[in-house]
Amino acid sequence: MCRSSLATRRASVDGSAPTASIPSMDELAAWSEFNVAMAGATAALAGLVIVAASVNIGQIIKEASLTSRLAAGIAGLVLALIASAIALMPDVDPVAAGVAVIVLAIGAGVFQVQASRRIFENRHPENRMRGLKAAVGFVAPLAYAIGGALLVAGVPAAPVWLAVGSLIAVVAALLISWIVLVEVLR
């Protein structure tokens, strides 16, 4: 039973007001199947992205913006993988998990900052929509940072933000990887 249910039940039994609902071990455990699926999916996808990139690695490394964008996409997948693994750890403290997720989100964000710099430095005429290309990679780390902060603050919606971050990381990595591979083959 989750802590919020216990607080509500306790309030009805002893007449006290319900306590604030903090994401508990039970609430994090309720997301375990999702986290198992995300850990497996992000690990497999990261491997596939690396293999797909290795086929054209000679061409990818010639263009710094492609290399850094691909690295940022992989960093987003690694963020999703490790955050899912943390959530699967037995008896993990929600505050410690939140701090770890925030640190991981900052790390993934650093890769995206580098990618954004390279995107704006690339003055090739076909390098259009620079702002959108740069912004895509920040969405997942931002969602994870919010989810981590909500975990630390004890907000029950934290696991939802982490799940959204996972899904966005997968979509962003697929989008970034596809664009990089298409740009290499142009």
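Each value in this text was obtained by applying a stated rule to the coordinates, not by laboratory testing. Note that the structure is a prediction, hence the values are computed from the model and not measured. Positions of Cβ are backbone-derived with ideal geometry, glycine not excepted, and every protein chain shown enters the neighbour counts.
Conditions: (1) over 18 Å from LEU142 (Cβ atoms); (2) in contact (Cβ under 8 Å) with a residue 12 or more places away in the chain. GLN114 meets all but one. Number of the miss?
Unmet for GLN114, out of (1) over 18 Å from LEU142 (Cβ atoms); (2) in contact (Cβ under 8 Å) with a residue 12 or more places away in the chain: (1).
So how many residues does the range 141-164 have that are free of Cβ contacts under 8 Å to residues at least 24 places away in the same chain and crowded, with 19+ Cβ neighbours inside 10 Å?
Residues that pass the stated criteria total 2.
Restricting the first residue to the range 165-178 and requiring it to be free of Cβ contacts under 8 Å to residues at least 12 places away in the same chain, which pairs with a second residue that is assigned to a helix (DSSP H, G or I) and crowded, with 24+ Cβ neighbours inside 10 Å meet a Cβ separation below 7 Å and a spacing of at least six or different chains?
none
Give VAL113, VAL101, VAL136 a once-over and let me know the one that is closer than 28 Å to ASP26 by Cβ and not hydroxyl-bearing (Ser, Thr, Tyr).
Numbers: VAL113 fails: closer than 28 Å to ASP26 by Cβ; VAL136 fails: closer than 28 Å to ASP26 by Cβ.
Every option except VAL101 fails the conditions.
Would you pick out the residues in the range 32-63 that are crowded, with 19+ Cβ neighbours inside 10 Å and within 15 Å of the chain's Cα centre (by Cα)?
Selection gives ASN35, MET38, ALA39, THR42, LEU45, ALA46.
If PHE120 satisfies every condition in (1) part of a helix (DSSP H, G or I); (2) closer than 26 Å to VAL36 by Cα but one, which is the exception?
(2)
Can you list the helices (runs of 4 or more DSSP H) found entirely within the range 17-106 that contain at least 2 residues being more than 30 Å from PHE120 (Cα to Cα)? Reasoning before the result, please.
Numbers: elements: 25-29, 32-55, 57-60, 64-88.
Because the criterion is at least 2 residues that are more than 30 Å from PHE120 (Cα to Cα), the helices (runs of 4 or more DSSP H) in the range 17-106 that meet it are 25-29, 32-55, 64-88.
Restrict the check to the range 116-133 and report whether at least one residue is out of contact with any Ser or Thr (no Cβ under 7 Å at 6 or more places or on another chain) and under 17 Å from ASP26 (Cα atoms).
No, there is no match, as no residue in the range 116-133 is out of contact with any Ser or Thr (no Cβ under 7 Å at 6 or more places or on another chain) and under 17 Å from ASP26 (Cα atoms).
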